[in-house]
Amino acid sequence: MNQEDRYLRDLLTGKEPEKKIFVSMNEEKKKPKGNVESDLTKIMQEVRMPWFCPKCNKVMKSRLDDKMWKLFDHCFDCQQQLEHKLRVTGKYEIWEKKKFYKNRKAAIIEQKESINNWLQQGDMEIVEPVNVDTGYVHVEKHVVPDGMKDEAKDALKELDSTLLEVETILKELNAELDGE
């Protein structure tokens, strides 16, 4: 006889049923109901294009606004005005060079990271199952020659020097763009 049946029998016969206390070991967080923000709400706000341009408060609904928002964080009209002002003041070419060197700097940093990851990876072993029934596997060892590691280290040195050159050029361009 299970516990529920004993409890019912005791109730029907008039006896005091045996009381047991159940304690749950799992503490579940109760989710509040109503108007609650998700954890992703703040993250998505940064990614999602707003309805209105933060600079001019114009409605951003065209494809061009979407593209300019992703690149410059404002609408197409604001970007046109900015470029026009730069052209009028004669600083557009400097601004253009600055964008070029920023992209170049990002590419150099990415190359350095990938070379560093490759150097840290070291020698590799690839295990391929040949026969599943017998458990036979084929193991390939890929050893990176020391000459390649030396070339990678030399490439890192060259990338460091190039990065320093690009950063000095960017500082000069920033000074010219700010009018110093």
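Read the figures in this text as sums done on the coordinates, not as results from a lab. All figures in this text were calculated on a predicted structure; none of them were measured in a lab. Using ideal geometry, Cβ is built from the backbone for each residue, glycine included, and neighbour counts are taken over all protein chains shown.
General remarks:
- Other residues lying with their Cβ under 13 Å from the Cβ of VAL144 contribute a combined charge of -2, Lys and Arg counting +1, Asp and Glu -1.
- Listed by chain and number, the aspartates and glutamates whose alpha-carbon sits under 12 Å from that of LYS20, ignoring those within fewer than 8 places in the same chain, are GLU4.
- FRET efficiency, 1/(1 + (r/R0)^6) with R0 45 Å, evaluated for ASN131 and ASP178 via beta carbons: 0.05
- Helix 76-89 axis versus longest C-alpha principal axis of the chain: approximately 30°, rounded to the nearest ten.
- Relative contact order [Cα under 8 Å, 6+ residues apart], the chain, whole percent: 14 percent
- Anisotropy class of the chain from Cα gyration tensor, a/c 1.5 cut: oblate
- Protection proxy ranking, peptides 38-44, 70-76, average beta carbon neighbours within 10 Å, highest first: 70-76, 38-44
- Per-residue [θ]222 nm for the chain (sum of -39500 (n - 2.57) over DSSP H runs n ≥ 4, rounded to 500): -20000 deg cm²/dmol
- For the pair LYS58 and GLU37, label points projected 7 Å from Cα toward Cβ lie 2.9 nm apart.
- Note on LYS67/LYS99: beta-carbon distance plugged into 1/(1 + (r/R0)^6) with R0 of 22 Å gives a FRET efficiency of 0.90.
- The long axis of helix 92-121 is offset from the longest Cα principal axis of the chain by roughly 50 degrees.
- 11 Å beta-carbon shell around MET124, net charge (K/R +1, D/E -1): -2
- Each other residue within a Cβ distance under 14 Å of GLU18 adds +1 if Lys or Arg and -1 if Asp or Glu, for a net charge of +1.
- Difference of contour (0.36 nm per residue) and Cα-Cα distance, ILE115 to ASP160: 15.0 nm
- Using a cut-off of 22 Å between Cα atoms, the listed pairs LYS42/LYS112; LYS67/LYS98; LYS85/LYS105; LYS102/LYS157; LYS67/LYS102 include LYS42/LYS112; LYS85/LYS105 as exceeding that distance.
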